[in-house]
Amino acid sequence: MDDADNREPMRDVPVTLASTVPADFALPTDILEFTGPDPEPIWLNEAGGVTVRFDGDAAGDGTRLRYLKRNPLPSSEDLALEKEKLEWLTLRHPVPRVIDYVRRGDAEFLITEAIPGANAVAAENRARANTAIAAIGEGLRRLHDLPVDDCPWTWSVADRLRAATSEQASTLSPTPEIDRLVVCHGDPCAPNTLLDAAGRFVGHVDMQRLGVADRWADLAVATMSFGWNYDSFDEAVFWDAYGIAPDEKRIRYYRELWDAE
């Protein structure tokens with residue numbers, strides 16, 4: 001039987017202008033069991049996963065704003081692993097609090113409590129790009145200051161090369177000597193940092209790839225993402241906020257590794 005015959009029935013949901021989800025995207029109806037009738041689609045990833053925002057009161061169990069991630073199964077994403085990492089981080093670093101995780105035959109769901117704030121590429125933060133990238137630097141420095149011995153996961157070059165499927169991975173230049181092992185975010189692109197109304201760092205999201213690695217694995221990709229998200233910015237502001245000078249050799253390698261995955 002074709003996979004399409006087993007898909008969850010879809011329901012059209014209005015999408016706000018702030019959403020990255022196409023306006024004609026049809027939301028899987030199984031999401032409504034957790035969110036109530038009016039979730040707001042926020043993000044659609046390449047693996048077919050969708051993130052929605054909803055009021056906890058709509059589910060009858062609170063008034064705090066919440067987010068639900070739904071991944072189809074099988075998937076390259078792993079919400080059970082992200083749940084573990086968020087719970088590990090809860091008392092160590094500002095991340096969303098896990099409310100629930102549910103796995104079914106064809107999908108998995110992760111519900112978290114929202115951190116008050118907006119992501120670093122929201123309209124108000126794109127308009128103050130240097131403030132935003134300074135906050136991104138401060139947030140990564142705070143994460144990287146966590147003790148690495150406490151972290152049970154790795155995000156090493158060896159791990160990533162084993163998982164890489166592109167031919168580009170086999171043509172990478174030799175791996176640079178490790179500068180400093182830290183607890184890395186793993187997906188430090190600008191949208192995964194949250195800021196308060198004044199533009200200060202308040203938290204990180206999307207922690208599935210978190211693990212111990214050279215700090216340049218995060219720093220190279222975070223700064224690469226600025227060009228995707230801001231029209232005008234001074235990258236030196238980021239390096240000043242983090243507290244290090246750019247290392248072009250390591251930046252180049254870790255950007256190439258990211259692109260090869």
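Just give me the residues in the stretch 233-248 being in a helix (DSSP H, G or I) and touching a Ser or Thr at 6+ places or on another chain (Cβ under 9 Å), in sequence order. Answer for the stretch 233-248, where residues must be in a helix (DSSP H, G or I) and touching a Ser or Thr at 6+ places or on another chain (Cβ under 9 Å): GLU235, VAL237, PHE238, TRP239.
Return the residues of the stretch 112-146 that are of a type in the set (Ser, Thr, Tyr) and surrounded by fewer than 20 Cβ atoms within 10 Å (Cβ to Cβ); say none if nothing qualifies. Write out each step before concluding.
Within the stretch 112-146, the subset of a type in the set (Ser, Thr, Tyr) is 112, 131.
Scanning the stretch 112-146 gives a single hit, THR131.
Okay, residues lined up against (1) at pLDDT 95 or above; (2) crowded, with 17+ Cβ neighbours inside 10 Å; (3) in contact with a Pro (Cβ under 8 Å, 6 or more places away or on another chain):
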{"residue": "VAL148", "(1), (2), (3)": "yes, no, no"}
{"residue": "LEU210", "(1), (2), (3)": "yes, yes, no"}
{"residue": "PHE238", "(1), (2), (3)": "yes, yes, no"}
{"residue": "ALA245", "(1), (2), (3)": "yes, no, no"}
{"residue": "ALA260", "(1), (2), (3)": "no, yes, no"}
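When residues in the stretch 180-200 are screened for being more than 15 Å from the chain's Cα centre (by Cα) and either within 16 Å of ALA134 (Cα to Cα) or of a type in the set (Phe, Trp, Tyr) (or both), 5 of them pass.
Taking every residue in the stretch 24-43 that is polar (S, T, N, Q) and pairing it with any residue that is part of a helix (DSSP H, G or I) and crowded, with 17+ Cβ neighbours inside 10 Å, at least 6 positions away or on another chain, the pairs with Cβ-Cβ distances below 9 Å are THR35/ALA58; THR35/ALA59. Listed by first and then second residue, the pairs linking a residue in the stretch 96-122 that is within 30 Å of ILE133 (Cβ to Cβ) and free of Cβ contacts under 8 Å to residues at least 40 places away in the same chain to a residue that is basic (Lys, Arg) and buried (at least 18 other Cβ atoms within 10 Å of the Cβ), with Cβ atoms under 7 Å apart and 6 or more places separating them unless they lie on different chains, are VAL98/LYS83. When each of GLU108, GLU77 is tested for being of a type in the set (Asp, Glu) and in a strand (DSSP E or B), the lone residue that passes is GLU108.
Inside the stretch 34-50, residues that are in a helix (DSSP H, G or I) and under 18 Å from GLU82 (Cβ atoms) make up a count of 1.
The values are calculated or read from the model by the stated rules, or taken from the named source; none is laboratory data. Everything numeric in this text was worked out from a predicted model, so none of it was measured. Every residue, glycine as well, gets a Cβ built from its backbone with ideal geometry; the counts of neighbours run over all protein chains shown.
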